[in-house]
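Any read-out appearing in this document is the output of simple, stated calculations on the displayed coordinates, not a laboratory observation. Just so it is clear, the structure is predicted and the values come from calculations on it, not from any experiment. Cβ atoms come from the backbone with ideal geometry, glycine included; neighbour counts cover every protein chain shown.
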Amino acid sequence: MGRAWSATRTSADILRGSMLKSASLAALLVLLAVPQVVHTQASSLFIEDLTWEEVAAALKSGKTTALFYTGGGEQNGPHLAFGKHNAVARYVVERIAKELGNALIYPVLPYSPSGDPSKKEGMMAFPGSSSLTDETYGMVARDIVLGAATSGFKDIILIGDHGGGQDVLKQTAATLDARLKPSGARVFYCDDLYFKSRDEFSRYLHDHKVTGEGHAGVEDTSAILYVKPEWVRKDKIAGKDPAKGVEGDPRSGRAELGKVQLDLKVKVAVAQIRAQVASHNGQ
């Protein structure tokens, strides 16, 4: 009986020791994981992921370009989610910031002008659509720019992913650039991302005999198939149908076309921003 008790005790001791070792290993793994998480957050280029001390350190290290990118809240047909512009915006602006090497990103504004928000017409005729008036949109952009200048950013770039509000961004940038120039900050409007990239992608589609351009058509569908495929209702993809908010034909949409399109956005935007910042620095 004494032997049996001794054997049982020995087994319990072994089990307890094994559990302690497992707990110690788990604790060690947690400790090792924590710095990795912190590092990932601190290395983000999105200001919303950072603390004020991390932003201050980034500014001190030379990241003095601020990017303010606006998306949109318009409908995109029965087959694409409302967040189309915002998904594209986050993907594209992060790539732009990485290419520039000296930029941080303000939170993407998920709204832009898409018609009178009080009237059920145009994009606002579709449930869920959201829109800002030009006045509100301009005031938001103005306040973000002024805040960026106050924080110490020297080159502040306004970019719009949606057609509505492009003129507002252009005028806001011009007005604030004149106001802030004496303080050493400059404000630029990057229009190539919207206009030039659209023209170049349209030529690409034509050269490759791809049809279906237009709102919620091949361009929009391809972009979301590439960056956020779960937002595409593939069973709802059909031909052009303006009554359902589809001005193009999404049936030619392909993820690989989305990559080409977004690569063009990044390329032309980086080139324009670099030229603008160089002009500020007298290069």
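Go through the stretch 233-247 residue by residue and turn each phi into a ³J(HN,Hα) via Karplus (6.51, -1.76, 1.60, θ = phi - 60°); whole Hz please, and just put x for glycine and proline.
Using θ = phi - 60°, the values come out as 8, 4, 6, 9, 5, 9, x, 4, 7, x, 5, 9, x, 10, 8 Hz.
For the stretch 202-283, just run the numbers: alpha carbon Rg, then divide by 2.2 N^0.38 Å, N being how many residues it has.
Taking the Cα Rg and dividing by 2.2 N^0.38 Å, one obtains 1.36.
Of K98/K181; K84/K196; K84/K244; K84/K259; K63/K267; K98/K265, which sit over 18 Å apart, Cα to Cα?
K98/K181; K84/K196; K63/K267
Beyond 32 Å, how much of the Cα-Cα pair distribution for the stretch 55-280 remains, as a whole percent?
The calculated P(r) of the stretch 55-280 puts 20 percent of pairs beyond 32 Å.
Local charge sum around H79 (other residues, Cβ-Cβ under 11 Å, Lys/Arg +1, Asp/Glu -1)?
Result for the local shell: +3.
Using the Karplus curve 6.51 cos²θ - 1.76 cosθ + 1.60 with θ = phi - 60°, work out ³J(HN,Hα) for each residue of the stretch 87-96 in order, rounded to whole Hz, and write x for Gly and Pro.
Couplings: 5, 5, 4, 5, 5, 5, 5, 5, 5, 4 Hz.
Residues with amide H under 5 Å of D191's amide H, sequence separation 5 or more or different chain, H placed in the peptide plane at 1.01 Å from N; which?
none
What base-10 log of the normalised intensity I(q)/I(0) is obtained for the stretch 127-249 from the Debye formula, alpha carbons as equal point scatterers, at q = 0.11, 0.13, 0.17 Å⁻¹?
-0.54, -0.70, -0.96
Around I156, which amide H atoms from residues at least 5 apart in sequence, or from another chain, sit under 5 Å from its own amide H, with H modelled in the peptide plane?
A66, R186, V187, F188
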